[in-house]
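Read the structure below first, then the notes.
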Amino acid sequence: MLGAIILAPLVGAAILGLFGKRMGERLIGLIACSTVAVSAILSFYLFFKHHAELEQGQKFYEYLFTWISVGTFRADASLLLDSLSAVYILFITFVAFWIHVFATGYMRGDTGYWRFFAYMNFFMFSMLTLVLADNFLMMFVGWEGVGLCSYLLIGYYFTKDFANDAAKKAFIVNRIGDFGFALGVMLLFLKAGTIFYFDDPDRGIHGAFSWAFSQAHDPLAWSAIFAGGMTTIAILLFVGATGKSAQLPLYVWLPDAMAGPTPVSALIHAATMVTAGVYMVARASSIYTHAPTAMLIMAVIGAATALFAATIGLAQWDIKKVLAYSTISQLGYMFLACGVGAFGAGIFHVFTHAFFKALLFLGAGSVIIGMHHEQDMKRMGGLKKYMPVTFATMFVGWLAISGVPFLSGFFSKDEILYRSFITDGLPEPWPVILWGVGAFTALITAVYMTRLMVMTFWGKARFGDAHDAGAHGGHGEEHGHGGLPRESPRSMVLPLVVLAAGAIFAGYLGVPEGLSGGKLPNYFEHFLEPSIARSKVPSGDAQANGSPHSPSGETTIHGAVVQGSAEVEDHSLERMLTGVSIIIALAGIGMGWVWFGRKPLWEPPSLLEHKYYVDEVYDATVIQPIKVGAINVLWKFIDVRIIDGFVNGAGQLAGLVGGGLRHLQSGLARSYVAVVVLGALLIIGYFVMR
Amino acid sequence: MVPLSWYLGLSALLFTIGAVGVFIKRNAITIFLSIELMLNAVNLTFVSLSGFFGDVGGQLFVFIVMTVAAAEAAVGLAIIISIFRNRESLNVDEVDTLKL
């Protein structure tokens with residue numbers, strides 16, 4: 001069954017890739033959507049069928065075959081369903097299905113229709129492999145597969161230079177992260193002797209996480225990073241996560257990745273692939289909880305990325321770029337959550353974020369199509385009356401991401417902020433600092449999202465004059481005379497509505513304990529508990545001790561100890577912080593509304609508009625030195641002088657020798673005979689004289 | 001009983017005549033005959049030494065040499081005929097287009 005989930009999109013990709021060129025658009029769309037639908041239906045079926053077992057921490061394996069077995073190293077092609085991967089496949093397949101549906105409308109008339117959907121289906125295969133793998137090597141297969149699909153889809157418009165450059169950038173930056181990931185897995189194998197996650201007695205496999213639990217906690221010190229122990233493994237894996245999930249300092253590829261079609265941005269660069277890093281960290285939570293230094297670094301980088309990207313998002317003109325920076329910022333929140341030990345809260349934010357960010361991206365795609373391929377918000381405005389459904393759904397997404405109460409983003413973001421405030425896994429000043437940064441970022445998030453909405457949907461329409469002046473930029477695809485924006489077709493509007501519903505209701509699966517006063521259990525985190533190692537965060541229901549199937553039960557010493565005393569206090573503090581969050585969200589929206597409502601074309605500081613000149617700095621400090629080194633040393637010296645010198649020298653030597661020897665061949669048969677006889681005489685002479 | 005050295009002396013004489021013939025003659029057929037002469041000089045050595053040591057291996061070897069010589073004669077004569085048809089000449093010094 002698990003195999004069918006990952007294979008269905010692969011079959012779709014194979015069919016579309018091999019025969020898609022001769023198919024019609026309707027058939028292509030049907031195949032692409034139906035294969036994803038099969039995965040989605042199977043995922044839901046498995047989820048509800050094994051719901052109770054998953055909640056108790058049972059793990060379902062599906063062994064396909066042994067892939068590699070060398071000495072003590074063993075890697076199986078086998079799949080694992082536990083509560084963490086179950087949650088992931090649920091939202092991945094669900095969101096992906098609706099994005100596929102949206103794409104059938106968005107990509108209409110594109111010459112590469114079949115190619116697009118073949119890549120999309122292949123992406124689904126890779127992503128599901130990543131999530132369902134039961135060892136790090138299989139995860140790495142999916143990890144690289146999604147990277148490949150990301151590359152192919154960013155460079156989808158391959159006749160355009162900027163798309164190719166963006167694709168290469170994404171691939172190369174990801175490669176840096178993947179290198180760290182691969183090193184981390186190798187070190188893990190050296191230390192633990194296995195790359196499987198969990199014990200599986202049926203196959204006689206020992207899990208790396210069981211090993212992790214038998215180890216002592218690493219100290220919280222810089223030296224631990226280079227000690228080659230648990231902390232080093234955690235840091236190396238986190239390097240992989242910063243690449244894939246676009247964290248500082250490897251985030252630079254994600255904004256450029258917007259060169260791909262908008263459904264790609266929604267599916268790969270917002271909802272699913274970029275959250276693979278969070279998944280990996282949560283999966284390896286047993287390792288992270290033993291490496292407090294790595295946790296601190298992760299929390300700090302997450303918070304820094306959240307703030308950094310949010311401020312840049314404040315100053316972008318391209319509607320997709322704003323959302324891209326917003327994604328980076330939200331991913332920062334997720335890592336902040338993982339860093340403070342609230343892995344469940346991080347995954348919960350992944351879950352809600354998948355809905356509202358996919359919604360916002362698809363809404364932006366709908367706007368772009370409605371505006372005839374215009375992405376610059378300077379030429380939008382007043383679209384409310386032209387695109388009512390798109391407006392209504394994006395309105396929901398806007399409120400959700402801003403953290404307005406009772407929408408999905410509110411619950412998950414609030415949970416993260418609360419957890420970072422009360423965490424006791426980090427040394428003293430950090431929890432407050434992290435909370436402050438997170439809260440301030442929430443304010444900026446509300447402001448830039450309000451800016452996006454105001455510039456796009458409210459105010460004076462700014463597209464008319466731009467059309468008249470012939471300044472129609474970008475894709476140069478004029479749709480004739482009817483220059484007015486219009487609502488998108490049904491295949492695009494329907495997914496928006498569905499995802500908007502998700503953005504409203506997804507949050508109710510994980511209402512924080514404090515808000516409901518403990519009456520409504522935090523279902524989501526309770527469900528994830530067996531799959532995730534708990535760190536030292538005190539929590540209302542620290543009953544994870546009762547999950548015998550998972551190693552996590554063995555370490556939740558802390559939760560049990562701290563629990564009882566702070567129960568009442570906990571909730572009042574949580575309510576207070578929630579109140580602060582609500583005020584921040586509303587204040588942000590209000591500030592944005594007043595400020596950008598009055599001056600929608602306000603020029604932001606150029607430092608922000610130029611993204612802190614990070615690309616320029618990277619260009620000057622990394623790219624140019626490499627280029628100069630490559631040209632002057634590797635090419636002009638090593639290649640031309642040394643390697644070419646050897647090769648050409650060998651050729652010239654052979655030529656010289658041949659030129660000398662060819663005079664022996666005079667063409668006179670008798671001279672040959674003379675040489676033969678002379679030679680024979682010399683040999684005989686040698687033996688006679690000896 | 002003729003002593004062994006006489007046979008060997010005769011054989012060396014024949015071989016030298018053949019070798020000198022190959023050197024100084026330009027006619028392809030004469031050279032060819034000289035080569036045959038050298039071959040048979042060697043055959044003579046084989047046979048005489050075979051008799052001297054009482055070992056039939058040398059005589060067997062002669063048969064092989066004769067067989068090869070027959071084959072070589074067939075091929076060599078065919079080449080000579082073919083050269084003559086093309087060039088109207090048997091002077092080997094003129095047949096040097098394969099050089100350099």
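The values are calculated or read from the model by the stated rules, or taken from the named source; none is laboratory data. If you're wondering where the values come from, they're calculated on a predicted model, not measured in any experiment. Note that each Cβ is placed from the backbone with ideal geometry, even for glycine, and that neighbours are counted across all protein chains shown.
List of remarks:
- Given (1) on the phi < 0 side of the Ramachandran plot; (2) touching a Lys or Arg at 6+ places or on another chain (Cβ under 9 Å), index of the condition residue A:355 fails: (2)
- Only one of A:594, A:640, A:614, A:673 that is aliphatic (A, V, I, L, M), within 30 Å of residue A:310 (Cβ to Cβ) and free of Cβ contacts under 8 Å to residues at least 12 places away in the same chain: A:594
- Hits in the range A:641-690 - residues which are over 30 Å from residue B:90 (Cα atoms) and β-branched (Val, Ile, Thr): A:642, A:643, A:647, A:657, A:683, A:684, A:688
- The residue pairs whose first member lies in the range A:115-132 and is not assigned by TED's automatic domain parsing to the domain that holds residue A:8, whose second member is assigned to a helix (DSSP H, G or I) and surrounded by fewer than 24 Cβ atoms within 10 Å (Cβ to Cβ), and whose beta carbons are closer than 6 Å, counting only pairs six or more residues apart or on different chains, do not exist in this structure.
- Residues that are under 17 Å from residue A:329 (Cα atoms) and either surrounded by fewer than 24 Cβ atoms within 10 Å (Cβ to Cβ) or in contact with a strand residue (DSSP E or B) (Cβ under 8 Å, 6 or more places away or on another chain) (or both), drawn from the range A:279-306: A:297, A:300, A:301, A:304
Yes/no per residue for (1) assigned to a helix (DSSP H, G or I); (2) assigned by TED's automatic domain parsing to the domain that holds residue A:581; (3) more than 20 Å from the chain's Cα centre (by Cα):
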{"position": "A:368", "(1), (2), (3)": "yes, yes, yes"}
{"position": "A:384", "(1), (2), (3)": "yes, yes, yes"}
{"position": "A:393", "(1), (2), (3)": "yes, yes, yes"}
{"position": "A:405", "(1), (2), (3)": "no, yes, yes"}
{"position": "A:412", "(1), (2), (3)": "yes, yes, no"}
{"position": "A:417", "(1), (2), (3)": "yes, yes, yes"}
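- Residue in the range B:73-93 that is within 14 Å of chain A (Cβ to nearest Cβ), surrounded by 15 or more Cβ atoms within 10 Å (Cβ to Cβ) and of a type in the set (Lys, Arg) present: no
- Residue in the range A:372-382 that is modelled with pLDDT under 95, of a type in the set (Gly, Ala, Ser) and part of a helix (DSSP H, G or I) present: no
- Selection within the range A:625-674 - within 14 Å of chain B (Cβ to nearest Cβ) and surrounded by 12 or more Cβ atoms within 10 Å (Cβ to Cβ): A:665, A:666, A:667, A:668, A:669, A:670, A:671, A:672, A:673, A:674
- Contact map, the range A:39-53: residues that are without any contact (Cβ under 8 Å) to a residue 60 or more places away in the chain paired with residues that are not in a helix (DSSP H, G or I), Cβ distance under 7 Å, separation 6+ or inter-chain. Pairs shown: A:42/A:1; A:46/A:1; A:46/A:81; A:50/A:60.
- Hey, residue B:32 within 14 Å of chain A (Cβ to nearest Cβ), in contact with a Gly (Cβ under 8 Å, 6 or more places away or on another chain) and not β-branched (Val, Ile, Thr) or not: yes
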